[in-house]
Structure formats: C-alpha cells, structure tokens
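To keep things clear, I will list the structure first and then write my remarks on it.
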Amino acid sequence: MKTLLILTLVLVTTWSCNNDDDPVTMPQPQTITDIASATPELSSLVAALTKANLATTLSEPGSYTVFAPTNDAFTTFLNANGFASLDDVPVDVLTQVLLNHVIVGQFNSIIISTGYMKTLATQSGTDLNLSMFIDTSDGVTLNGVSHVTTSDIYATNGVIHIVDAVIGLPTVVDHALANPNFSSLVAALSTADGNLVSVLSGAGPFTVLAPDNDAFTAFLNGTALADVPTDALANILLNHVLGGVVTSTNLVDAGSGYTNTLATGPNMNNLSLYYNTSSGVMFNGVSTVTAADIVASNGIIHAIDTVIDIPTVVTFAVADPNFSTLVSALTTLTPATDFASILSRNMDGNGDGINPPFTVFAPTNDAFAALASVPDEPVLTQVLLHHVVGGANVTSSDLTPNGNTVAPTLQGQNLTITLPGTNGNIADVTDGAGNSDIGIIAVDVQAGNGVIHVINKVALPSI
C-alpha cells in the first residue's frame with residue numbers, strides 16, 4: 001500500500017510539472033474539409049468545394065467516402081472540357097461533378113470491392129443517384145478513368161482516397177466501357193452501323209438492357225462478331241434500348257406489358273418488347289435482369305443474361321402467358337401443321353405462298369375459354385388460319401378511320417375491322433361466320449416479321 005501511494009504521488013507531481021512548465025498540445029479532430037485544406041495537392045479541390053458551397057457540407061458530422069482529385073487532375077479536367085479555370089465552370093455542373101466523388105458511408109481500402117455504388121450526384125431531372133463502377137482487379141479504378149493513388153486518410157466524418165483524375169458524370173457508354181463484363185457489348189456497339197457509341201453518348205435519356213459477355217458468347221455461338229452483318233447487328237442492339245428512363249421499380253410496379261424499343265420492323269415501325277416481373281424481370285421470355293438500376297447521366301442500364309434477338313410474332317405468343325392456350329392450339333393441338341415455323345418466317349421463298357409479314361389477331365386465354373369446346377385438328381387448323389393475314393403488316397394506323405377495313409386471311413375468308421369499336425373495344429371485328437361481337441382490345445404488338453392485335457373472342461370462319 002505504501003508503494004502504491006508513493007507511485008501515485010510521483011505521477012501526479014509529474015503531470016503537474018508537465019502541465020505547468022511544458023503544456024501538451026492535443027491534436028484537434030479534423031473533418032474531410034480540414035484535411036483537404038491542409039493538403040497542398042488538394043487546393044484545387046478545396047477551391048471547387050468552396051465555389052459549389054460543399055466545403056461546409058463535408059465539415060459537418062456524418063459519414064462520407066470522398067475520392068479527392070489532385071490539382072493535376074483538375075488541370076487536366078479543365079483543359080479537356082474547354083474551361084480556362086474553375087471560375088468558368090457553371091456552378092450546377094461543378095456541384096454535380098464534385099458530388100460524383102462522394103459516397104455516403106465510410107469505405108476504406110479493406111471494404112471497397114468490385115461493383116457498383118451510388119454517389120451523391122443525381123441524374124438531371126430525376127432524383128436518381130448516379131452509379132460508380134469500382135474495379136479492384138488492379139488497384140482501385142473508378143468508372144474506368146480514375147485511380148486511387150493514396151488511400152485511407154481518415155477524418156472525423158469519413159475517409160478520403162486521393163485519385164489521379166476527376167470523375168466526370170458518366171453516360172451509359174462510359175459505364176459500359178468501365179465494366180469489363182460489357183466488353184463484348186462495347187465491341188458490338190463500335191462495329192454496328194449507325195455510330196451507336198455516339199448515339200448512346202448523346203442526351204437521351206435511354207434505358208439500355210445490356211447483355212454481358214457470356215450472353216454475347218451464347219448468342220454468337222462460334223460466329224465471329226465481324227461476320228455478323230452490321231445493319232442486322234445495329235437493329236439487334238437497338239432492340240435493347242428504350243427511350244426514356246425505366247427503372248426496375250417502374251417495371252415491377254407495372255407487373256407485365258409491352259413497350260417499344262428503338263429497333264424497327266416492317267414499315268419502320270418500332271419493335272415491341274414484352275416484360276414480365278412475376279419471377280425476376282424478364283424480357284420477351286428469354287432474357288433476365290441480373291443487375292438493375294446502373295444510373296448514368298443520360299439514362300439507366302440493366303444488365304441482362306441473354307441477347308434479345310429480333311422477335312417474331314411467335315416470340316410474343318410464347319412469352320406472354322395470356323396467349324398460352326393459343327400456343328397450345330398452334331402446337332400440340334395441330335401437329336400436322338408446323339404453325340410455329342410458319343409464323344417465325346422472316347422472308348419469302350417457302351413455295352407455299354404463306355409469306356411474311358403477318359398480321360395476327362391473337363385470341364386471349366379467356367377468348368378460348370369462352371368456346372363451348374376447342375375444335376378438333378382439321379377445324380381448329382382452319383380457325384387458326386382465319387386469324388392470320390399474310391404478306392401485310394397492318395397496324396392500327398393503317399385501319400380506315402370511322403369505317404371498315406377488309407383483311408383477307410390465310411384461311412381464305414375475310415375479317416372486317418370496324419374503327420372505332422364499341423363497348424370499350426379499340427375496334428370491332430366481324431369474322432367469316434358473320435359474328436360481329438369480337439373486339440380488338442390491344443393493338444400494335446410489333447414483331448420483326450409482323451404485328452399482333454389482341455382480340456377478346458375467337459374468330460370463326462364459315463365452314
């Protein structure tokens with residue numbers, strides 16, 4: 001006990017002497033802004049933060065990860081974009097560029113891994129935060145353009161990583177270029193007609209369904225990309241692009257339905273795309289979203305696992321569960337006629353006079369269910385042929401306004417379409433048997449070899 005008392009007295013006396021004669025200066029806590037301000041090579045960043053009124057934000061309590069460009073990085077950025085100095089950069093643009101270097105949360109070099117994260121920058125006109133692709137395969141690379149040179153500078157409100165390039169606001173093309181899983185897509189965009197790299201670098205906005213490398217390998221199936229006709233390749237790629245921004249939430253909320261792509265079919269009509277979210281998000285019944293909502297400055301990307309080829313009218317019939325009975329009628333119930341192959345044709349020359357494009361009046365499952373019974377094959381074959389017009393892509397805009405349009409079917413008898421329809425129908429249809437209570441309830445599902453209009457009753461020929 002005596003020894004402990006003596007030791008305590010010594011310690012107290014020593015502290016008192018140090019406190020009186022040589023006071024110890026404790027380091028003050030430093031925020032992200034404090035550290036940047038004390039780092040000479042980040043003076044341009046501090047000036048930019050001050051101009052954009054963000055210096056205070058990064059001094060406040062919180063948790064941020066800041067990728068801090070050096071002075072040389074800012075000089076290169078200004079020169080590349082035609083600015084003489086920071087003063088020439090519009091404040092709104094500068095603000096978004098700076099926010100594109102900030103991620104909420106503290107992510108040090110141990111935590112950061114390859115993949116996408118959201119920055120505080122937002123897509124113009126929306127509240128969608130821009131995505132950043134982080135590649136850790138060789139150091140840390142951001143959006144394919146900026147590399148971490150010094151990591152893990154800790155502040156009271158986050159962590160700083162110094163980078164060698166300003167990270168501009170990425171377009172959908174920039175994201176495709178940054179992610180090595182999209183290298184085949186980039187090669188295809190560069191090869192196809194139409195200067196698609198330039199198109200998709202434009203203002204947009206675009207929604208791009210981006211097939212990964214494995215998807216392209218399966219699609220090409222040993223064929224070299226250089227051997228694919230460049231005009232056909234362009235249309236296939238445009239079949240993965242929607243106008244506007246469509247998020248995964250938009251698709252899930254809608255459930256299922258049709259939209260249009262930038263690809264074109266007969267008479268330069270834009271092709272349709274069927275989406276269904278009953279099990280994930282699937283397009284045309286063949287391609288599933290594997291990574292959603294990669295946000296760019298001019299749109300959004302959803303990564304998919306299969307290339308979406310140009311659809312036929314059969315593609316949509318198979319993809320849309322509302323046509324499952326029709327598909328059965330065209331296949332298992334009529335084995336003597338290869339309807340699937342016939343309606344998948346993309347060119348003439350089969351010798352039977354049944355040539356695309358086709359206009360198909362497609363009965364729903366409910367339409368078939370309303371029949372007393374499904375006819376046996378000989379009659380059913382004639383009934384199915386009565387729903388198809390060959391050699392014509394008749395869209396709703398081709399129908400006679402306030403009148404009748406006569407459409408000769410492959411069965412030999414005519415359908416008569418009356419516009420406008422009654423009882424909520426878009427148009428009314430009179431079949432070969434004289435039934436006039438058939439309604440067109442959806443129009444213009446455009447395929448590469450024809451168009452589908454949905455009807456609510458089965459059309460019957462006069463037999």
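The values are calculated or read from the model by the stated rules, or taken from the named source; none is laboratory data. Note that this is a predicted model, so its numbers are computed, not measured. When we count neighbours, we look across all protein chains shown, and the Cβ atoms used for this are built from the backbone with ideal geometry, even at glycine. Calculation scope for accessible area: heavy atoms of the full protein, side chains included, ligands and nucleic acids excluded. Shrake-Rupley method; radii C 1.70, N 1.55, O 1.52, S 1.80 Å.
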> Within the stretch 97-106, can you find the residues that are surrounded by fewer than 20 Cβ atoms within 10 Å (Cβ to Cβ) and of a type outside the set (V, I, T)?
Replying inline: L99, G105, Q106
> Which of the residues belonging to the stretch 161-201 are touching a residue at least 60 places away in the same chain (Cβ under 8 Å), acidic (D, E) and either farther than 17 Å from G115 by Cα or outside any helix (DSSP H, G or I) (or both)?
Replying inline: D164
> Given the structure, is D293 among the charged types (D, E, K, R), surrounded by fewer than 22 Cβ atoms within 10 Å (Cβ to Cβ) and farther than 18 Å from D174 by Cα?
Replying inline: no
>> Checking the conditions here, which among L233, L209, L200 is touching a His at 6+ places or on another chain (Cβ under 6 Å) and surrounded by 15 or more Cβ atoms within 10 Å (Cβ to Cβ)?
In response: L209
> Applying the selection to the stretch 117-143, what residues are in contact with a helix residue (DSSP H, G or I) (Cβ under 9 Å, 6 or more places away or on another chain) and surrounded by fewer than 17 Cβ atoms within 10 Å (Cβ to Cβ)?
Replying inline: S124, S137
> Does the stretch 152-159 contain at least one residue that is more than 15 Å from the chain's Cα centre (by Cα), within 20 Å of N81 (Cα to Cα) and modelled with pLDDT of 95 or more?
Replying inline: no
>> Considering only the stretch 341-354, I want to know if a residue exists there that is among the acidic types (D, E) and either touching a Pro at 6+ places or on another chain (Cβ under 7 Å) or modelled with pLDDT of 95 or more (or both).
In response: no
>> Looking at the stretch 31-47, I want the residues that are on the phi < 0 side of the Ramachandran plot and open to solvent by less than 40 Å² (accessible area, probe 1.4 Å) and have a partner that is among the charged types (D, E, K, R) and not in a helix (DSSP H, G or I) with Cβ atoms under 8 Å, at least 6 apart or on another chain. Which pairs are those?
In response: T31/E60
> When the residues of the stretch 307-357 are filtered to those that are of a type in the set (S, T, Y) and assigned to a helix (DSSP H, G or I), which remaining residue is surrounded by the most Cβ atoms within 10 Å (Cβ to Cβ)?
Replying inline: T315
> Can you tell me which of V445, V360 is open to solvent by less than 50 Å² (accessible area, probe 1.4 Å), within 21 Å of A336 (Cα to Cα) and in a strand (DSSP E or B)?
Replying inline: V360
> Does V163 qualify as being open to solvent by less than 20 Å² (accessible area, probe 1.4 Å), at pLDDT 95 or above and either in contact with a helix residue (DSSP H, G or I) (Cβ under 6 Å, 6 or more places away or on another chain) or not hydrophobic (A, V, I, L, M, F, W, C) (or both)?
Replying inline: no
>> Given the options H386, H302, name the one that is within 31 Å of the chain's Cα centre (by Cα), of a type outside the set (V, I, T) and open to solvent by less than 60 Å² (accessible area, probe 1.4 Å).
In response: H302
>> Just to check your reading of the model, which residue among L242, L251 is out of contact with any helix residue (DSSP H, G or I) (no Cβ under 8 Å at 6 or more places or on another chain), open to solvent by less than 30 Å² (accessible area, probe 1.4 Å), at pLDDT 95 or above and not in a helix (DSSP H, G or I)?
In response: L242
> Would it be correct to say that N393 is out of contact with any strand residue (DSSP E or B) (no Cβ under 7 Å at 6 or more places or on another chain) and either among the hydroxyl-bearing types (S, T, Y) or in a loop (DSSP other than H, G, I, E, B) (or both)?
Replying inline: no
> Are any residues in the stretch 56-79 within 18 Å of V104 (Cα to Cα) and either open to solvent by less than 20 Å² (accessible area, probe 1.4 Å) or polar (S, T, N, Q) (or both), and if so, which ones?
Replying inline: T56, T57, L58, S59, S63, T65, V66, F67, A68, P69
> So how many residues does the stretch 144-160 have that are outside any loop (DSSP other than H, G, I, E, B), under 29 Å from G204 (Cβ atoms) and open to solvent by 40 Å² or more (accessible area, probe 1.4 Å)?
Replying inline: 1
>> Only one of T114, T95, T136 is hydroxyl-bearing (S, T, Y) and either over 26 Å from the mean Cα position of the chain (by Cα) or under 22 Å from A55 (Cα atoms) (or both). Can you tell me which?
In response: T95
> Consider S279 against the criteria (1) open to solvent by less than 40 Å² (accessible area, probe 1.4 Å); (2) part of a loop (DSSP other than H, G, I, E, B): it satisfies all of them except one. Which criterion is unmet?
Replying inline: (1)
